[in-house]
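Below is one structure, written out as structure tokens; the observations come after it.
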Amino acid sequence: QHAIAAMSELDVKFLERTADIVYLPTKSMAKYFSFPCMMTLPPACSGSIQSKVGHTPGRSCIYVGGVSKRYGTDVLLGAFDLLNADGEEYPLTLVCRESETGYIPQEYREKPWLHIVHASGKESLKPFYQAADLALYPIEKNDYNDFALSVKLLEYLEFGLPVVAVDCTETKRFVEGLGSGLVCRSDPADFADKVREILTDTSLYALCALNVQKAAQSGNLWTDRAKQIARDLSQKS
């Protein structure tokens, strides 16, 4: 651990001496560094794969990712327990590694609204995304998750899905900036409220779906990153 920290410090000092621009993943990360010139690049995806524009939403939701307290699994399951408590049906497809299934309490695994899937890769996930109305990002709010931005949010974007996400700083900036969904506190009741709101307000859902499609087609592509780097470096020369 000490060796890794020392190597990281050497890398930082090297960049301070040699780099014209240091690109950081997010604006919030900049407070941890003091490079002379720091910039960020737009979050990038590969483009639109599917779209929910014109789609009348049902109540099917999907979460793809890790399963643990850190990933917000407790909040996620608690929210859907509330959503399904009054006889309403809000199915949840939870896609995770098979080795992580043991974290999910048996009482939830037996719930009729929970469908646990083990799949990876965009081709394998495509039918599950196509069947879903809404994507979920319940990650725990902490210092790291406040400055990080998950690639999973970009994958949701590619598949055209509006999202409900916990209000970590950069996640909130991303979702609200695009108008791609709703953000909530890291709390089962608030998470449930936001899921219910977006799936029952057809005008809101339609607007989010349209914004998602636009964001996946322009402004958030890998080519957009390359164009910005070319512009920035041309101004430095």
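The values are calculated or read from the model by the stated rules, or taken from the named source; none is laboratory data. Please read all numbers here as calculations on a predicted model, not as lab measurements. Note that we place each Cβ from the backbone using ideal geometry, even for glycine, and neighbour counts take in every protein chain shown. Calculation scope for accessible area: heavy atoms of the full protein, side chains included, ligands and nucleic acids excluded. Shrake-Rupley method; radii C 1.70, N 1.55, O 1.52, S 1.80 Å.
Helix 2-18 versus the longest principal axis of the chain: what is the Cα-based angle in degrees, 0 to 90, to the nearest 10?
60 degrees
Apply 1/(1 + (r/R0)^6) to the Cβ-Cβ distance of ARG97 and GLN50, taking R0 = 30 Å, and write down the FRET efficiency to the nearest 0.05. Please report the intermediate quantities before stating the final value.
On the way: r = 24 Å, r/R0 = 0.79.
FRET efficiency, ARG97 to GLN50: 0.80.
Taking H placed 1.01 Å from N in the peptide plane, check which residues at least 5 places from GLY181 or on another chain put their amide H under 5 Å from its amide H.
VAL163
Using a Förster distance of 35 Å, how high is the FRET efficiency between SER218 and ARG70, based on the Cβ-Cβ distance and rounded to 0.05? List each step's numbers first, then the result.
On the way: r = 33 Å, r/R0 = 0.95.
So, using R0 = 35 Å, E works out to roughly 0.55.
Farthest toward the dipole's positive end in the chain, which of GLN235, LEU221, SER124, given Cβ charges of +1 (Lys, Arg) and -1 (Asp, Glu) about the Cα centre?
GLN235
Could you tell me which of rounded, prolate or oblate describes the range 1-77, using a ≥ b ≥ c as the square roots of the eigenvalues of the alpha-carbon gyration tensor, with rounded for a/c under 1.5 and, failing that, prolate when a/b is larger than b/c and oblate otherwise? Mind dumping the intermediate values first?
Working: a/c = 3.67, a/b = 1.82, b/c = 2.02.
Taking the square roots of the gyration eigenvalues as a ≥ b ≥ c, the range 1-77 is oblate.
Working from Cα positions, state the angle (0 to 90°, nearest 10) between the long axis of helix 222-236 and the longest principal axis of the chain.
20 degrees
Could you tell me the extents of the range 82-232's C-alpha atoms along the three principal axes, largest first, rounded to whole Å?
Projected onto the principal axes, the Cα atoms of the range 82-232 cover 55, 36, 33 Å.
Please check: in the Gaussian network model of the chain (C-alpha springs, under 10 Å), which one of LYS214, LYS31, LYS69 has the largest mean-square fluctuation.
LYS31
Relative contact order for the chain: what is it in percent, counting Cα pairs under 8 Å that are at least 6 residues apart? Present the calculation step by step, with values, prior to reporting the outcome.
Values: 391 pairs, mean separation 60.3, N = 237.
With pairs under 8 Å counted, the relative contact order is 25 percent.
Relative contact order for the range 127-174 using alpha-carbon pairs under 8 Å, separation at least 6, rounded to a whole percent? Show your work: numbers first, answer last.
Numbers: 53 pairs, mean separation 23.6, N = 48.
Relative contact order comes out at 49 percent.
For ALA119, what residues show an amide H to amide H distance below 5 Å, using hydrogens built from the backbone and excluding near sequence neighbours?
Residues meeting the amide H criterion: CYS96.
Using a cut-off of 12 Å between beta-carbons, work out the net charge of the residues near ALA79 (Lys and Arg +1, Asp and Glu -1, ALA79 not included).
Numbers: positive: ARG185, LYS194, ARG196; negative: ASP74, ASP81, ASP187, ASP190, ASP193.
Result for the local shell: -2.
In whole Å, what is the distance between the alpha-carbon centres of the range 18-91 and the range 178-232?
9 Å
Could you size up the charge dipole of the chain around its Cα centre, putting +1 on the beta carbon of Lys and Arg and -1 on that of Asp and Glu, and report it in debye to the nearest 20?
On the way: 25 positive and 30 negative charges, 176 e Å.
The dipole of the chain has a size of about 840 debye.
5 Å is the cut-off here: which amide hydrogens, built 1.01 Å from N in the peptide plane, fall below it relative to THR40, excluding neighbours closer than 5 in sequence?
When sequence neighbours closer than 5 places are left aside, the close amide H contacts are LEU24.
Round to a whole number: what % of the accessible area of the chain belongs to carbon and sulfur, probe 1.4 Å? List each step's numbers first, then the result.
Working: 6430 of 12220 Å².
Carbon and sulfur atoms account for 53 percent of the accessible area of the chain.
Note the angle between two axes, namely the Cα long axis of helix 202-217 and the longest principal axis of the Cα atoms of the chain, as a number of degrees from 0 to 90, rounded to the nearest 10.
Once rounded, one gets 30 degrees.
Got a sec? What order do TYR144, TYR137, TYR23, TYR205 fall in by accessible area at 1.4 Å, biggest, i.e. largest, first?
Numbers: TYR144 135, TYR137 25, TYR23 65, TYR205 0 Å².
These residues rank, largest area first, as TYR144, TYR23, TYR137, TYR205.
Helix-only estimate, please: 222 nm mean residue ellipticity of the chain, summing -39500 (n - 2.57) across DSSP H runs of length 4 or more and dividing by its residues, to the nearest 500. Could you put the intermediate results ahead of the total?
On the way: 10 runs with 109 residues, N = 237.
When only DSSP H runs of four or more count, the value is -14000 deg cm²/dmol.
Send over a whole-number figure in Å² for the accessible area per residue of the chain, probe 1.4 Å.
Values: 12220 Å² over 237 residues.
With the other protein chains kept in place, the chain gives 52 Å² per residue.
Which whole-Hz couplings ³J(HN,Hα) result when phi for each residue of the range 74-86 is put into the Karplus expression 6.51 cos²θ - 1.76 cosθ + 1.60, θ = phi - 60°, listed in order with x for Gly and Pro?
Values per residue, Gly and Pro as x: 4, 5, 4, 5, x, 5, 6, 5, 5, 4, 9, 6, 9 Hz.
I need the P(r) histogram for the range 1-147: all alpha carbon pairs, bin width 5 Å from 0 out to the longest distance, whole percents.
Pairs per bin, as whole percents: 2, 7, 13, 15, 14, 13, 11, 9, 8, 5, 3, 1, 0.
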